[in-house]
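Below you'll find the structure, written out as structure tokens, and then a few comments.
The values are calculated or read from the model by the stated rules, or taken from the named source; none is laboratory data. Remember, predicted model here, so these are calculated numbers, not experimental data. For neighbour counting, all protein chains shown are included, and Cβ atoms are generated from backbone atoms with ideal geometry for every residue, glycine included. The area values use the complete protein model at the heavy-atom level, side chains included, leaving out ligands, DNA and RNA. Shrake-Rupley method; radii C 1.70, N 1.55, O 1.52, S 1.80 Å.
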Amino acid sequence: MEKSDIRRDMRRAAAALDAAQRRRQSDIVTERLRLVAARERPAVAALFSPLPDEVDISPLLRTLDCRVVLPRVADGPCGEPEMEFYDFDPAAMGRGAFGIDEPQDGEPCPPEMIDLMIVPGMAFTRDGVRLGRGKGYYDRYIAREGFRARCVGVCFRHQLLPELPAEPHDRRMDEVVTAED
């Protein structure tokens, strides 16, 4: 199956989830991520502001016992959009690229300071293969010099697949957390 076909199927499956299913699965994933954070004890955790079709991990933003950074997409040095991570401050959030809530102030957190990164995706396999939205932001960030964080993919049950197409530039997750038993 082509990546574009899988993305289309995952969007349809996400749209079919009712609000109660979405909330229940998000709550399970969030609690499992709390256990991951307790085990890993990060000084800096990179999370994300969820889109409507992503697992809602937003309760973690205010409750993790560490520095929390979130991505912001902006033009990089060569004019191409790039993703950087900035400190989470509820008072300094605003709509950014793709309609996602992003930090609006501050200096970027260097990649080598991040200990734990929670990564969204369109689909995952149990062994860490990730299919993103197709822009490559996370793959490029994880490939940066100095990046060393443990990467944990998060997804709804329907997004966990037995296999996915992968290319050499696709970065694997160290672990995948889902609501599946």
The chain: calculated mean residue ellipticity at 222 nm from DSSP helix runs of at least 4, using -39500 (n - 2.57):
-8000 deg cm²/dmol
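Return the FRET efficiency for the residue pair R144, D18: r is the Cβ-Cβ distance, R0 is 35 Å, and the value is rounded to the nearest 0.05.
Values: r = 39 Å, r/R0 = 1.10.
The computed FRET efficiency comes out at 0.35.
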What ranking, highest mean first, results for peptides 171-180, 85-94 when packing means the other Cβ atoms within 10 Å averaged over each residue?
171-180, 85-94
Please work out the average accessible area per residue across the chain, using the 1.4 Å probe convention, and give it in Å².
51 Å²
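How big is the equivalent ellipsoid of the chain along its three axes, where each semi-axis is √(5λ) from the Cα gyration tensor, reported in whole Å from largest to smallest?
On the way: eigenvalues 108, 75, 56 Å².
Working through the eigenvalues yields semi-axes of 23, 19, 17 Å.
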With the charge dipole of the chain built from beta-carbon charges (+1 for Lys and Arg, -1 for Asp and Glu) about the Cα centre, the Cα from P162, I114, M173 projecting farthest to the positive end belongs to P162
So, by mean Cβ neighbours within 10 angstrom, what's the order for 28-35, 77-84, 117-124 with the highest one leading?
117-124, 28-35, 77-84
Give the carbon-plus-sulfur fraction of the accessible surface of segment 45-148 in %, rounded to a whole number; probe 1.4 Å, heavy atoms of protein chains only.
50 percent
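Treating only the Cβ atoms of Lys and Arg (+1) and Asp and Glu (-1) as charged, compute the dipole magnitude of the chain about its Cα centre; round to the nearest 20 debye.
On the way: 27 positive and 33 negative charges, 94 e Å.
So the dipole magnitude of the chain works out to roughly 460 debye.
For the peptides 148-158, 65-75, 42-52, 104-114, what is the packing order when you average, over each peptide's residues, the other Cβ atoms within 10 Å and list the highest mean first? Don't jump to the answer; show the numbers that get you there.
Working: 148-158: 21.1, 65-75: 17.3, 42-52: 19.0, 104-114: 15.5.
Ranking the peptides 148-158, 65-75, 42-52, 104-114 by packing returns 148-158, 42-52, 65-75, 104-114.
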